[in-house]
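Trainee: Have a look at this one.
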Amino acid sequence: KLLSGLAALITAAPTLADISVYSPPRGVDASLVSVESVQRGLGNDPEAIFAYVRDKVRFTPYLGVMQGARGALLTQSGNAADKALLLAGLLQKAGRQTRFVKGTLDDTAADALMKAALAVPAPRDEGTPLDPRLTALCTEVTQQVEEVLAALKAGGQDRLPFKAQSDLTARVLAGLKDHWWIQLRQGNVWIDLDPSFPDARVGQAKG
């Protein structure tokens, strides 16, 4: 009787919104910028997918996997490992088989990769409007960066000490030589795809 009475009370009670948990507003719906949605837009052509990751996702030098496929997609940047993860994810969504390759860059290739990372990107065609979702994302990221910089300055850390900068640069340059890319299976042959270098071609690996 107690349970049946409680059930009747719950059923009869008006439905109220749960306001006990605060959900902050989001500047962009990240589900709209996903590996699946980008792959659908690009189609199943491996060369088109490779060109997208090579040309649209800027190479950024840092050590280790920090963003993964989706992070590289959202920020439109990534190191060799994260760009390889994104390329593999897009190709796998297109129904293709891939595998990861780890190699070593020589000094010339590592230097070229660093120069590509430091190069000033070409200006965007002003006649092509940005997707409003990406504009919102850029605004949100800019605000967060400003907050981080303000916090650093409040703590008296305008920039890293010179020696720390030098040590970090040396570590990044050494880390660049540990290079990652992927291979795409075509029949019984594995084809190299290295999207980190801006002049990379299908079937070419510099590692």
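The values are calculated or read from the model by the stated rules, or taken from the named source; none is laboratory data. This one's a predicted model, so the numbers in the text were calculated from it and none came from an experiment. Note that each Cβ is placed from the backbone with ideal geometry, even for glycine, and that neighbours are counted across all protein chains shown.
Trainee: I'd like the full set of residues that are buried (at least 20 other Cβ atoms within 10 Å of the Cβ) and either of a type in the set (Asp, Glu) or under 11 Å from residue 99 (Cα atoms) (or both), limited to segment 184-207.
Mentor: 184, 193, 194
Trainee: Answer with yes or no whether residue 181 is over 20 Å from residue 76 (Cα atoms), modelled with pLDDT of 80 or more and surrounded by 14 or more Cβ atoms within 10 Å (Cβ to Cβ).
Mentor: No.
Trainee: Which of the helices (runs of 4 or more DSSP H) found entirely inside segment 1-91 contain at least 2 residues meeting this: modelled with pLDDT of 85 or more and under 28 Å from residue 176 (Cα atoms)?
Mentor: In segment 1-91, the matching helices (runs of 4 or more DSSP H) lie at 35-42, 46-56, 68-75.
Trainee: Exactly one of (1) over 18 Å from residue 65 (Cα atoms); (2) at pLDDT 70 or above; (3) exposed (fewer than 13 other Cβ atoms within 10 Å of the Cβ) is unmet by residue 123. Its number?
Mentor: (2)
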